[in-house]
Amino acid sequence: MFVSDFRKEFYEVVLNQRVLLLVASDVDALCACKILQALFQCDHVQYTLVPVSGWQELETAFLEHKDQFQYFVLINCGANIDLLEVLQPEEDLVFFVCDTHRPINVVNVYNETQIKLLVKQDDDLEIPAYDDIFRDDDEDSGNESDGSEPSGKRQRFEEEIVERTMKRRQRREWEARRQEILFDYEQYEYHGTSSAMMMFDLAWIMSKDLNDMLWWAIVGLTDQWVHDKITQMKYVTDIGALQRHVSRHNHRNGDEENSLSIDCMRIAFEYDLCLALYQHWSLYESLCNTCYTSASLKLWSVQGQKKLQEFFADMGLPLKQVKQKFHSMDISLKENLREMIEESANKFGMKDLRVQTFSIHFGFKNKFLASDVVYAASSLMENMEKDESGTDNFIKALDSLSRSNLDKLRQGLELAKKQLCAIQRTVASCICTNLVISQGPFLYCYLMEGTPDVKLFSRPVSLCLLSKYLLKSFICSTKNKRCKLLPMVMAAPMDVAQGTVVMVGIPPQTESSDKKNFFGRAFEKAAENTNSRTLHNHFDMSIIELKMEDRSKFLDALISLLS
């Protein structure tokens, strides 16, 4: 059921209890977790934190801890499947689910006692009515007669048969309608309001919201935008809501300006360039490794590289300046840089180079944009350089969000640069060697074993980011108008020893795209029709693991399903 009063029905219930936090491996979940941890520390609530990267880990963590806890908080996992069926919990256990995955499973919505949903109800949820999905009547299958009664009884018996037949027909009709309603409701997967924003709202209601919490809410929302989970409209609306809180927390009057402490933290609204990590990189490398600019200028081609030189010439920026670290550039150039870049970008057909976002200042030296923190935390979470466990990476990423751990954040930024360069190299090689094939209803690309950086793309978030970059770049490079409207399926080797591949499906990249993804249901159906050995372990249904040998029959089934 939906929780309408977060304070009364959630926070005050767990206040004097021990709580188990089960947190998914994405940056929005990390930020929501940080806010909740801060609140729990404020009120001395005892909790245990367990990171979970998929359904299997969630089940294992639950089985390990179910005897010690009565209250479980699930962040960015658990809303889109029937939790009670998967976990089979005792009747006195309660689950609070704060999850952005949509659609929410109907059993979770209508369970009054054990499942409490901490989600924003004015998101257009379109949940089917209870009576359309659940029905209590059981037909009487008894009273079968041997046909030896007197005639009066026989007449009544015949009436009963007619009535029972009618009931069965109605039941069949209701079942068919139920299947149709559920199919329409569950057909598309999409994302709702950021969990970090929901947790910040809770802190705000209780007057315990701090500037740090507000920053984590901003990073949670920016994570949804960077990874293309929400529409531009939704992003702008949520930015507006957060902007009011930023003004409230960060207003400064004249006298105070002179007395800012050196380690003071302040958040500011920015209408900034959407160039990845440009303030911690060189302008040249940032332009080369940002998806939007790289795709628009077609930087994988010689022609594109020439265009880039022309772009810098148009701005009047010497190559010596743009190739050195951003903070080392001449101050005179940096003053009007945003306006200069935007003006030239418009001439080169890049009209969306500015974006509404927020920046954070720690003292006078350290300045980060919200997107910088998202890239850094994501890279730390999927770090492949050291063979550390997922939990170790999760804890590092969690630490990088604290202002006392700026060295971890910087480490994350360096990893993010490597990741973005790897993505750009892979996109260039896929396009130059024509690895993107049109399969009819969708585009398909498979990264061969032995491709440089292929190990990085065995991780789901990195593979999703790569497929989004590749789709945008392919759309800019192809002359085929039909291909520009197609979604994409991308696969990469996951575990060579076990012979598995990881496969992800993403929706079409059109201006009016509502970011709804139909591949989750399509993958399930294709696997069912072909008996392919698949593992649907990810919280995003549109990411699956598949046996290498089953790949071709699975793809054939997917093509015939979607044609």
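The values are calculated or read from the model by the stated rules, or taken from the named source; none is laboratory data. Treat the numbers as computed from the prediction; the structure is a model and nothing was measured. Because the Cβ atoms are built from the backbone with ideal geometry, glycine has one as well, and the counts that use them run over all protein chains shown. Just the protein is used for accessible areas: all its heavy atoms, side chains included, with ligands, DNA and RNA removed. Shrake-Rupley method; radii C 1.70, N 1.55, O 1.52, S 1.80 Å.
When Lys515, Lys468, Lys553, Lys481 are checked against the criterion of being open to solvent by less than 60 Å² (accessible area, probe 1.4 Å), of a type in the set (Lys, Arg) and either at pLDDT below 90 or out of contact with any strand residue (DSSP E or B) (no Cβ under 9 Å at 6 or more places or on another chain) (or both), a single residue qualifies: Lys515. Quick one: is Asp330 more than 23 Å from Leu470 (Cα to Cα) and in contact with a Lys or Arg (Cβ under 7 Å, 6 or more places away or on another chain)? No; evaluated as a whole, the condition is false for this residue. Please specify each residue of region 353-365 satisfying the condition of being part of a loop (DSSP other than H, G, I, E, B) and out of contact with any helix residue (DSSP H, G or I) (no Cβ under 7 Å at 6 or more places or on another chain). Gly363, Phe364, Lys365, listed by residue number. Against the list (1) at pLDDT 85 or above; (2) open to solvent by 20 Å² or more (accessible area, probe 1.4 Å); (3) assigned to a loop (DSSP other than H, G, I, E, B); (4) not aromatic (Phe, Trp, Tyr), the condition Val107 fails is (3). Residue check: Arg168 meets all listed conditions (1) open to solvent by less than 90 Å² (accessible area, probe 1.4 Å); (2) at pLDDT 85 or above but one, namely (1). Determine whether region 497-510 contains at least one residue that is open to solvent by 10 Å² or more (accessible area, probe 1.4 Å) and closer than 21 Å to Asp184 by Cα. Looking through region 497-510, at least one residue is open to solvent by 10 Å² or more (accessible area, probe 1.4 Å) and closer than 21 Å to Asp184 by Cα.
The condition of being under 20 Å from Thr193 (Cβ atoms) and at pLDDT 90 or above does not hold for Val3. If you filter region 68-96 down to residues that are farther than 19 Å from Lys516 by Cβ and in contact with a Cys (Cβ under 8 Å, 6 or more places away or on another chain), you find that the one that is surrounded by the most Cβ atoms within 10 Å (Cβ to Cβ) is Ile75. Taking the listed residues Thr500, Thr530, Thr510, Thr534, the one that is under 22 Å from the mean Cα position of the chain (by Cα) and over 21 Å from Lys229 (Cα atoms) is Thr534, with no other qualifying.
The helices (runs of 4 or more DSSP H) falling completely within region 2-97 that include 1 or more residues that are acidic (Asp, Glu) and more than 21 Å from the chain's Cα centre (by Cα) map to 55-65, 83-87. Here Lys323 fits the description: over 29 Å from Leu36 (Cβ atoms) and either at pLDDT 85 or above or among the aliphatic types (A, V, I, L, M) (or both).
Residue-wise test of (1) more than 26 Å from the chain's Cα centre (by Cα); (2) in a strand (DSSP E or B); (3) not acidic (Asp, Glu).
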{"position": "Leu287", "(1), (2), (3)": "no, no, yes"}
{"position": "Ala295", "(1), (2), (3)": "no, no, yes"}
{"position": "Lys307", "(1), (2), (3)": "yes, no, yes"}
{"position": "Ala313", "(1), (2), (3)": "yes, no, yes"}
{"position": "Leu333", "(1), (2), (3)": "yes, no, yes"}
{"position": "Lys367", "(1), (2), (3)": "no, yes, yes"}
{"position": "Ser371", "(1), (2), (3)": "no, no, yes"}
{"position": "Ser378", "(1), (2), (3)": "no, no, yes"}
{"position": "Asn383", "(1), (2), (3)": "no, no, yes"}
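Taken over region 271-288, the criterion of being open to solvent by 10 Å² or more (accessible area, probe 1.4 Å) and in contact (Cβ under 8 Å) with a residue 60 or more places away in the chain is satisfied by Tyr271, Cys274, Gln279, His280, Trp281, Glu285, Cys288.
Within region 23-34, at least one residue is open to solvent by 40 Å² or more (accessible area, probe 1.4 Å) and in contact with a strand residue (DSSP E or B) (Cβ under 9 Å, 6 or more places away or on another chain). Within region 321-331, if we keep just the residues that are part of a helix (DSSP H, G or I) and within 15 Å of Leu287 (Cα to Cα), the residue that is least open to solvent (accessible area, probe 1.4 Å) turns out to be Val322. If you scan region 176-229, which residues turn out to be open to solvent by 20 Å² or more (accessible area, probe 1.4 Å), in a helix (DSSP H, G or I) and hydroxyl-bearing (Ser, Thr, Tyr)? Listed by number, the list holds a single entry, Tyr185. Of the residues screened, Cys445 is not one that is assigned to a helix (DSSP H, G or I) and more than 21 Å from Cys33 (Cα to Cα). The single condition among (1) crowded, with 17+ Cβ neighbours inside 10 Å; (2) modelled with pLDDT under 90; (3) farther than 28 Å from Pro103 by Cβ that Pro452 does not satisfy is (1). A count restricted to region 91-125 and to residues that are of a type in the set (D, E, K, R) and touching an Asp or Glu at 6+ places or on another chain (Cβ under 9 Å) stands at 3. Of all the listed residues (Met494, Met490), the sole one being closer than 30 Å to Ser389 by Cα, in a strand (DSSP E or B) and at pLDDT 90 or above is Met490. When Leu435, Leu415 are checked against the criterion of being touching a Phe, Trp or Tyr at 6+ places or on another chain (Cβ under 8 Å) and either open to solvent by less than 60 Å² (accessible area, probe 1.4 Å) or under 26 Å from Leu380 (Cβ atoms) (or both), Leu435 stands alone in meeting it.
So in region 385-398, with the set limited to residues that are open to solvent by 50 Å² or more (accessible area, probe 1.4 Å) and part of a helix (DSSP H, G or I), which one is modelled with the highest pLDDT? Ranking the qualifying residues of region 385-398, first place goes to Ile395. Which of the residues that make up region 522-547 are open to solvent by 20 Å² or more (accessible area, probe 1.4 Å) and not in a loop (DSSP other than H, G, I, E, B)? The answer is Glu524, Lys525, Glu528, Asn529, Thr530, Thr534, Leu535, Glu545, Lys547.
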